[in-house]
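This report concerns only the one structure given below.
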Amino acid sequence: MKHIKKLVSALLLLAEMTALYILIPCMTGAGAGSAFFTPFVIPVVISACVIGFFLFISINLFPCLTFRSASGRRNRILEDGAALLQLFLSTVIAESLFIILYSLTVRPDGRGGLGYGIGRLISLLLLVLMESVLFWNGIIRVYTTSVQLGVKWRVIGIACGFIPLVHIWALCRIISITSREAAFEEEKYLLDQVRAENRLCETKYPLLLVHGVFFRDFRFFNYWGRIPFALKKNGASVYYGSQQSAASVADCGQELADRIRSIVQETGCEKVNIIAHSKGGLDSRYAISVCGAAPFTASLTTVNTPHRGCIFADYLLDKIPEKVQKSVARKYNAALKKCGDKNPDFLAAVQDLTASACERRNKELPNYPDVFYQSVGSRMNCASGGRFPLNMAYPLVRHFDGANDGLVSVESAPFGENFTLLTTREGRGISHGDVIDLNRENVPGFDVREFYIKLVGDLKEKGF
């Protein structure tokens, strides 16, 4: 239905532009006593101009001829922006072909004087103005609302805008990306509306999302991307670990244990379900096994956690001079203090991720029988499947550890009763960042938000 409405919008615009192109030169080239200036025709022309003006404004405001959108204001702006760019591209191509054919086949029949020439110039300027309004209205909408365009396609769009033919390719890519994004988000919204009453993620105990190394739980940038919002829409109660960005497993584990106790005391929830990414899984295990968080933990789900460590980390620490290591650590620790870490320790965090440290720690950390343990891992299919620095780290990790997600090997991720390996049959696979929606990117063949809704739904079914 939306495609039909957009087609109607395109046909209306083409009719209006064609009429302007033909009639304005005829009017300016005709004499004052011609048929264009009779008492009957003048009101008709004025009425047609007014109607055409409001029609053009209406299409710019509502290009899909729809006054309501089911999926929210941002997605409505995005969808309309993509539709405006489609209208721009289709009308530019159609009008260009029409002008060429009209110029070759139709003669002015004696109306080729100065008035006719001025009218032709005015009509062309009006067409350029109308197409410019369509383009800028559309491009501003998609640039300000699209998540999937990212920095890459925004820069490509600007850079290619001045290169003939290449700019058409870039525009087609932008239209394709934003149209798919708008359609996907609308489907997600409608799905959530249908199942809202089921409250699939309303677990007995609240969720505690624990971040990995070198990141923090910032207020205005969520480490977990769009996942928490999706979980909350389906009934989940979500809290965050808020441990330091980089510190030893022991220090972060103690912080998490304190955090868990405070949540239990404040809410009276008795226990929490921990979902921990990367090093956060090691921190959580330490909190449960050593720091007394076991009685307050119902389940632990680790996501891409290097339970057996990273051999390439041992290699790097062995090869990089100690002086360089300390210099990098000193600069990193100083930067993280400004971001909120009380006592960051870069080197301790990295050393605790080595295979040797994890092997030693695994012998010291027993699993508690009253806590349900499970794990998730993912695999990239190629280096280009991840963003920097994962695309650079992938071949190095593959050399030392085998198949991996850009940082953690598949063999290092399994832990607990269940293990789920995430990847895609074709294309890029799923990276260390994709699995937590770090880049807010829709990966073909993998819906990260739907995965977590199912994951939490399974915890609910298990009574957690």
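Any read-out appearing in this document is the output of simple, stated calculations on the displayed coordinates, not a laboratory observation. All of these numbers come straight from a predicted model, not from anything done at the bench. Here the Cβ positions follow ideal geometry from the backbone for every residue, glycine too, while neighbour counts run over all protein chains shown.
About its Cα centre, the chain has a charge dipole of approximately 680 debye under the convention of +1 per Lys or Arg Cβ and -1 per Asp or Glu Cβ, with nothing else charged.
Taking a Cβ cut-off of under 10 Å around residue 130, the surrounding Lys, Arg, Asp and Glu residues balance to a net charge of -3, with basic ones at +1 and acidic ones at -1.
Can you tell me the order of 437-445, 313-321 when each peptide is scored by its average per-residue count of other Cβ atoms within 10 angstrom, highest first?
On the way: 437-445: 16.4, 313-321: 13.3.
Output ranking for 437-445, 313-321: 437-445, 313-321.
Here the sum of -39500 (n - 2.57) over DSSP H runs of 4 or more residues, divided by the residues of the chain, equals -19000 deg cm²/dmol at 222 nm, to the nearest 500. Packing, as the average of other Cβ atoms within 10 Å across residues, places the peptides 249-257, 351-359, 115-123 in the order 249-257, 351-359, 115-123, highest first.
In terms of other Cβ atoms within 10 Å, 426, 181, 79, 450 run from fewest to most in the order 426, 450, 181, 79. Relative to the longest principal axis of the Cα atoms of the chain, helix 2-29 runs at roughly 30 degrees. Here's the list of aspartates and glutamates a cross-link from residue 462 could span, going by alpha-carbon distance under 18 Å and ignoring same-chain residues fewer than 8 apart: 202, 270, 370, 417. Angle of helix 166-195 to the longest C-alpha principal axis of the chain, folded into 0 to 90 degrees and rounded to 10: 60°. Rounded if a/c is under 1.5, else prolate if a/b beats b/c, else oblate: with a ≥ b ≥ c from the C-alpha gyration tensor eigenvalues square-rooted, which is the stretch 395-464? It comes out oblate by the Cα gyration axes. Arranged from fewest to most other beta-carbon atoms within 10 Å of their beta carbon, 145, 297, 267 become 267, 145, 297.
Which pairs break 24 Å Cα to Cα here: 233/279; 204/454; 188/454; 233/460?
Numbers: 233/279 28 Å; 204/454 15 Å; 188/454 14 Å; 233/460 15 Å.
Violating the 24 Å Cα-Cα cut-off are 233/279.
Sort 165-177, 10-22, 226-238, 279-291 by the packing proxy (mean of other Cβ within 10 Å over each peptide's residues), most packed first.
Numbers: 165-177: 15.5, 10-22: 17.5, 226-238: 19.6, 279-291: 26.3.
The packing order, highest mean first, is 279-291, 226-238, 10-22, 165-177.
Could you tell me what percent of the DSSP beta bridges with both partners in the chain are antiparallel, to the nearest 5? Kindly include the intermediate steps, with their values, before the conclusion.
Details: 3 of 27 bridges.
Among the beta bridges of the chain, antiparallel pairing accounts for roughly 10 percent.
Here the stretch 357-412 is treated as a sphere whose radius is the Kirkwood value from Cα pairs; by Stokes-Einstein at 25 °C and 0.890 mPa s it diffuses with a coefficient of 191 µm²/s. Quick one: Debye curve from the C-alpha atoms of the chain, no solvent, what's log10 I(q)/I(0) at q = 0.09, 0.14 Å⁻¹? Debye intensities relative to I(0), on a log10 scale: -0.72, -1.29.
Listed by chain and number, the aspartates and glutamates whose C-alpha is less than 20 Å from the C-alpha of residue 342, apart from same-chain residues fewer than 8 away, are 217, 251, 255, 258, 283, 352. Diffusion coefficient of the stretch 105-244 by Stokes-Einstein, Kirkwood radius over Cα pairs, 4 °C, 1.567 mPa s: 64 µm²/s.
For residue 331, the aspartates and glutamates whose Cα falls under 16 Å of its own Cα, not counting residues fewer than eight places away in the same chain, are 322, 341, 345.
As a proxy for reagent exposure, ranking 3, 277 by other Cβ atoms within 10 Å from fewest up yields 3, 277. Farthest towards the positive end of the charge dipole of the chain, among the residues 155, 344, 205, is the Cα of 155, using unit charges on the Cβ of Lys, Arg, Asp and Glu.
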